[in-house]
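Working notes for the structure below.
The values are calculated or read from the model by the stated rules, or taken from the named source; none is laboratory data. Just so you know, these numbers come straight off a predicted model, no measurement behind them. Virtual Cβ from ideal backbone geometry, glycine too; neighbours counted across all protein chains shown. For accessibility, only protein heavy atoms count, side chains too; no ligands or nucleic acids. Shrake-Rupley method; radii C 1.70, N 1.55, O 1.52, S 1.80 Å.
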Amino acid sequence: MKMAWLLTLATLAVAEVAARGKQLGDARQRLVGEVELIGGDGDVALGKGDAGNLLQLEIGDVVEDIGEHADDGGYVCVCMDWWPSNKCDYGLCPWKQSSILSVDLENPKLVEAMKGLGEVKLRIGGTQADTIVYEDGVTPCLPFDPPPGTNSSFFKHGCLTMKRWDAIVSLCRKAGCSIVFGINAMHGRDKSETRTWDPSNARALIQHIVRSKQQDVIFGFEYGNELNINAVNPGLGLTPKQIAEGYHQLHDLLKAEFGEDNTPKILGPDNIGWQSRYMKKLLSLSKDVLYGVTWHAYPLGPSYDNPLVDHLVMSPGFHDIFFRRAAKASKEAKEFGGPDMQIWMGESGGAFNSGRNNTSNRFLDSFWYLNTMAALAQAGHQSFCRQTLIGGNYELLDKNSLGPNPDYFAAVMFRKWMGRHVHRVTLSDSSRKIRAYAHCNVKTKIQTIMVLNFDQNRSAEIDLDHSTHVSPTRDEYHFTAPDLHSATVDLNGVTLLHVSQLKPRVEHDLSRPLALAPQSYAFVVFHNSSCRPAGESR
């Protein structure tokens, strides 16, 4: 994923800096300079104009409709990867018994945690997805090489048995998730070859799905994982034409096996970063069979050898660089692929190379996660796939205990309350250290405001906009922690251990401002709201 960092930072952040006439030296200086220029120091308090003042929050018209599935929690997606236990980075090995091949899929704690997330999409993919072999009785189905005991970041082989596939299906049937499966697009070839894809091994898996009547848990298939290395490293990776040919092969295969009326969706290309020229060419060749565009980004950079990670997480101005890129991606997906083309953040865990221990799995990461999910929804993305549900350091569930990390509760709250219709929000905070978002669910008439206070020193009082609500009360969920690196999170002052504890504090005085503690976030839920779909003004 180092290339993703170069794409999102070296190409984007540095370009932002250059536009301001700032000349910087090495990569670390570029990072520090960018944070200073657009985000200010991580310790900056509320602006002078806000000191002691009541902040005003106004909710405007709906600016995005992220799809009917979002009302049922479909915007939130979680990933599981293929990495074996001896996958290591920086001398650390955070994948012990936590891949889709090794985790205990029947563990009641895992099933219960998945149920707690609700009807989310489970994306199964990652680097090894391209070459995994599916047991078909013909193709040698070999375990990962190097074998356990030899630490590595590079593996060959890998085998998915039909028994293991059935266990994955069983998990989703119990928990209510739907599967987005990354097919082995590099089967029988490597990224420097020009041969077309051999779909024979994939056909065996797809025929097994149909024979076993497992279509009900399949949302769709992805073709390949980060095959666009060619865009930044000519000679390695597939061209847009090659990937488009694979999409059409996969479409023909799915249509033949599932039937024309039940053909699963195809998503892709799961590219590293967003390259406009590459995507324009790819979509011109494949928009007839592609349901949605997926791309990957790790805007916080490498998880180690990067002392700025924690600082960047809590610098909302820094995040804005990436959000501008995401908005451009949303616009171009529809420009290149047509008005119905969806766009997903197909994989992101903040910091790449398995995430950073004591950051990616701690309370402070929820500020990056929630801010990014909400900003991408506002920019027009229809789904956000979090790397990972379990595995690495960016996992929502602790691999050892299967207990929830703080971001698990963030995912549950976003899925439950942030509905389909995304509003424009105006907040009178000159410091830009507080971020606010509002979504509405037209079916349930529930409007939710999510507010994040990144400021470490100053609390905030916010006068909320009640113009669209008839309910005499509002529900408040305030999330805090003893410190940013806490492994637990408190809701309204009580430490959370289970989703059953996610109960609000009811505010009966609607004129009372929302009080937000330093470095905390809150969800404010209004029932019986006059929600309106996109395009309808108040």
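Cα centroid separation, region 77-92 to region 281-306: 20 Å.
Sequence-distant contacts, meaning Cα pairs under 8 Å at least 6 residues apart, place the relative contact order of the chain at 19 percent.
Solvent-accessible area of region 54-167 (1.4 angstrom probe, protein heavy atoms only): carbon and sulfur portion equals 53 percent. Expressed per residue, the C-alpha convex hull volume of region 90-187 stands at 116 Å³.
So if I place +1 on the C-beta of Lys and Arg and -1 on the C-beta of Asp and Glu, and nothing else carries charge, what would the dipole magnitude of the chain be about its Cα centre? I want it in debye, nearest 20. It works out to roughly 400 debye. Computed from Cα atoms alone, the Kirkwood hydrodynamic radius reported for region 322-409 is 13.7 Å.
Rg to Rh for region 416-496: what is it, with Cα atoms only and Rh by Kirkwood?
0.98
With all pairs of different alpha carbon atoms counted, what Kirkwood hydrodynamic radius in Å does region 335-385 show?
The answer is 12.3 Å.
Heavy-atom surface analysis with a 1.4 Å probe gives region 310-402 a carbon and sulfur content of 43 percent of its accessible area. A DSSP coil position with no more than 16 other Cβ atoms inside 10 Å describes the following GluC sites (Glu not before Pro) in region 82-156: Glu106, Glu119.
Two tests apply to each whole DSSP H helix in the chain, Cα reach of 30 Å or more along its axis and mean Kyte-Doolittle hydropathy of at least -1.0, and the ones passing both are 316-337. I'd like the FRET efficiency for Glu461 and Glu106, computed as 1/(1 + (r/R0)^6) with the beta carbon distance as r and R0 of 51 Å, rounded to 0.05. FRET efficiency, Glu461 to Glu106: 0.55. Calculated on the alpha-carbon coordinates, the convex hull of region 465-506 measures out at 95 cubic angstrom per residue. Cα extents for region 355-464 along the principal axes, largest to smallest and rounded to whole angstrom: 42, 39, 21. Alpha-carbon geometry of region 300-362: the Rg and the Dmax are 14.6, 42 Å, given in that order.
A 1.4 Å probe run over region 90-195, with the rest of the protein chains in place, finds 45 Å² accessible per residue. The value obtained for region 158-280, namely the Cα convex hull volume divided by the number of residues, is 119 Å³ per residue.
Working from the pairwise distances between different alpha carbons, so that the mean of 1/r is found and then inverted, what is the chain's Kirkwood radius in Å? Computed over Cα pairs of the chain, the Kirkwood hydrodynamic radius comes out at 23.7 Å.
With a ≥ b ≥ c the root eigenvalues of the C-alpha gyration tensor of region 117-163, is it rounded (a/c under 1.5), prolate (a/b larger than b/c) or oblate? Verdict is oblate for region 117-163. For the chain, the antiparallel share of DSSP beta bridges with both residues in that region comes to about 50%. Taking R0 as 41 Å, what's the FRET efficiency between Arg211 and Lys331 from their Cβ-Cβ distance, rounded to 0.05? Approximately 0.45, to the nearest 0.05. At 1.4 Å probe size, with the rest of the protein present, what percent of the exposed accessible area of region 410-509 is carbon and sulfur atoms? Here carbon and sulfur together make up 51 percent of the probe-accessible area. Remark on the chain: Cys79 stand apart, with no other cysteine beta carbon under 4.7 Å.
Tell me the relative contact order for region 52-179 as a rounded percent, counting alpha carbon contacts under 8 Å between residues six or more apart.
27 percent
Accessible area per residue for region 333-463, computed on protein heavy atoms with a 1.4 Å probe, is 24 Å².
By the compact-protein rule of thumb, 2.2 N^0.38 Å, the alpha-carbon radius of gyration of region 278-336 corresponds to a ratio of 1.48. Charge dipole of region 359-473 (Cα centre as origin; +1 on each Lys and Arg Cβ, -1 on each Asp and Glu Cβ, all else neutral): 340 debye, rounded to the nearest 20. In this structure, Asp136 and Lys443 have a Cβ-Cβ separation that, at R0 = 51 Å, corresponds to a calculated FRET efficiency of about 0.75.
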